[in-house]
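Visitor: Got a structure for you, written out below as structure tokens; questions coming shortly.
The values are calculated or read from the model by the stated rules, or taken from the named source; none is laboratory data. All figures in this text were calculated on a predicted structure; none of them were measured in a lab. Cβ atoms come from the backbone with ideal geometry, glycine included; neighbour counts cover every protein chain shown. Ligands, DNA and RNA are excluded from the accessible area calculation, which covers all protein heavy atoms including side chains. Shrake-Rupley method; radii C 1.70, N 1.55, O 1.52, S 1.80 Å.
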Amino acid sequence: MSSFTVTPATKPLMGAASIPGDKSIGHRALLFGALADGEVLIRGLSGGQDNHRSRQAMADMGVSVEDLPTGQVRVRGVGLRGLRAPSQVIDCGNSGTTMRLLAGLLCAQSFDSQLSGDASLSQRPMMRVAGPLMDMGAHLRGASGKVADEMYPPLFIGGLGQKRLRAIRYEQSVASAQVKSAILLAGLFAEGATEVVEPAQSRNHTELMLAHMGAPLVVDGASIRVDPSGWDGKLKAGPVTVPGDPSSAAFLLAAGLVAGVERLSVREVCVNRRRTGFLDVLAAFGALVEMESLSTGPGDPVADLVITRGAGDGLRATTVSGELTVRSLDEVPILAILAARAEGVTHFEDGEELRVKESDRIATTCEMLKRLGVEVEERKAGFSVQGLAGRPFQACEVHAHGDHRIAMSAVIAGLGANGPVRVHDVDNVATSFPSFVDTLSRLGAELSVD
Ligand code: S3P
């Protein structure tokens, strides 16, 4: 188990950074590419372990996925019904998205399959996805665990043989892109029109990519319908460019806001509005992030995100709640670090989902903040952060509990601490941002790994 040690920044950060391709889009490019009718060339796929799990899963089911000398990844789609039964258990590692999306895809196949995960993923609830899929007629079994009537990995998925799933209309009680995507994927194979209604707008990469590939999918406000009746069952092959991951960009921008910057830019970031809630929170804190070279093509909008000198001065507390929480859910740990740099008390609300991420992120974020000398008040669905009013973070040791985003958040705090911050259990940073240490070092931060 590795640790990071970061020393307080003595000079402003500077430079232009590239980040890994968006993890969410990468998973979808691999899974949907495998189902396409022909070859899909993916440019910009992240080298992170999470995407690698999706890639390996498709290879386990007979799909050829190759690295080309150009840096692109070539997926030779086998068609909607071309997957082969895996000869072994599919290991989803730390990746909840791999497991939940695959649950939707595999429960519609004729063959049996089994999905497992690491210790963290094995603690994550699966009934949210298994429940609606079983309503569609899927055969799913899992393990029991800490909550009665919940379902935990490993998941055993019984093949349907010649039978088909039946369509459902599903009103989600909690916004979740993973659950929505699993149901829509299953819906592609079902009899009739499957509809998912969202209570708030979660990320929409599944809808955008499937529609682009010619799937019979219609979005109407909060409702997404997929109706394969009369469809030829062909997903069009074509190139996919994966833009930079905004969730990774958030750490670099926060680093600049904590350490100070001359000018720091993060290149070619996906700025799909459903992913950029953190930019709205930064604006509410009073931190100015500019978008340069914005391009809007057929896929997601992409831009360089830039901060310049003084961007992190005079931050003010704010409240993050409702739809804004959904649009910045993965960024809450790093936003909590910035909240500690702001004047006043920042409230994070409506984040119950944070309890079931790679760690219980309300608990692990609060624990991290306390170690850093910040006063916090923890609640069931959120927490409040008392700003340090100009004081630095306290030098300390933080346990990341295997959560990549807690590990990276604690490192960023260390740039603004009164002595070294040591962060333990950081290996999972490689799930989303394998180049984190190098990238941050190139911008001028001092950190070591041991
Ligand atoms: C993801 C959806 C989100 C997010 C996760 C990736 C996806 O989870 O937290 O990191 O790629 O669909 P929810 O399904 O809870 O929205």
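Visitor: Report the accessible area of Asp135, computed with a 1.4 Å probe over the heavy atoms of all protein chains in place, in Å² rounded to the nearest 10.
Guide: 90
Visitor: Quick one: if you stick a label point 7 Å off each Cα along the C-beta vector at Thr7 and Arg43, how many nm between them?
Guide: A separation of 4.1 nm, rounded to one decimal place.
Visitor: Just to be sure I understand the curve: with the Debye formula and one point per C-alpha of the range 291-450, what is log10 I(q)/I(0) at q = 0.10 Å⁻¹?
Guide: -0.38
Visitor: Take the alpha carbon gyration tensor of the range 1-128, find the square roots of its eigenvalues, order them as a ≥ b ≥ c, and report rounded if a/c is under 1.5; if not, report prolate when a/b exceeds b/c, else oblate.
Guide: Cα axes put the range 1-128 in the oblate bin.
Visitor: Same structure again: For the range 209-235, list residues with backbone N below 20 Å from a point placed 7 Å from the Cα of Arg81 toward its Cβ?
Guide: Taking a point 7 Å out along Cα→Cβ of Arg81, the residues of the range 209-235 whose backbone N falls under 20 Å are 214-217, 226-235.
Visitor: For the range 23-241, what size does the Cα cloud have along each of its three principal axes, sorted from largest down, in whole Å?
Guide: That gives 50, 39, 36 Å along the principal axes, largest extent first.
Visitor: So for the chain, averaging the separation of alpha carbon pairs under 8 Å that are six or more residues apart and normalising by length, what relative contact order in percent results?
Guide: Numbers: 1111 pairs, mean separation 88.9, N = 450.
The value is 20 percent.
Visitor: Could you work out [θ]222 nm for the chain from helices alone, using -39500 (n - 2.57) per DSSP H run of at least four and dividing by all its residues? Round to the nearest 500 deg cm²/dmol.
Guide: Value at 222 nm, helices only, nearest 500: -9000 deg cm²/dmol.
Visitor: Once the other residues with Cβ under 12 Å from the Cβ of Val63 are scored (Lys, Arg +1; Asp, Glu -1), what is the net sum?
Guide: Every neighbour counted, the sum reads +1.
Visitor: Answer rounded, prolate or oblate for the range 103-170, using the Cα gyration tensor with square roots of eigenvalues a ≥ b ≥ c: rounded when a/c is under 1.5, else prolate when a/b is larger than b/c, else oblate.
Guide: Oblate, because a/c is 1.5 or more while a/b does not exceed b/c.
Visitor: How large is log10 of I(q)/I(0) for the range 211-264 at q = 0.21 Å⁻¹ when the intensity is taken from the Debye formula with one equal scatterer per alpha-carbon?
Guide: -0.85
Visitor: Taking only Cα atoms of the range 202-329, what ratio of Rg to Rh do you get with Rh as the Kirkwood inverse-distance radius?
Guide: Here Rg/Rh amounts to 1.08.
Visitor: Okay, moving on. Under a Cβ-Cβ cut-off of 14 Å, what is the net charge of the residues other than Thr5 that fall near it, where Lys and Arg count +1 and Asp and Glu count -1?
Guide: Local charge sum for Thr5: -3.
Visitor: While we're on this one: Let me know the volume per residue of the alpha-carbon convex hull for the range 76-205, in Å³.
Guide: 113
Visitor: Enumerate the amide H contacts of Gln109 below 5 Å, restricted to partners 5 or more residues apart or on another chain; note that Pro and chain-start residues carry no placed amide H.
Guide: Leu160
Visitor: On a 0 to 90° scale, report how tilted helix 23-35 is relative to the longest principal axis of the chain, with both axes built from alpha carbons and the result rounded to the nearest 10.
Guide: The helix 23-35 is inclined about 20 degrees to the chain.
Visitor: Let me ask something else. Looking at the P(r) of the chain, how many percent of alpha-carbon pairs lie beyond 39 Å?
Guide: 19
Visitor: Near Lys236, within a Cβ-to-Cβ distance under 12 Å, what is the net charge of the other residues, with Lys and Arg +1 and Asp and Glu -1?
Guide: Taking every Cβ under 12 Å from that of Lys236, the sum is -2.
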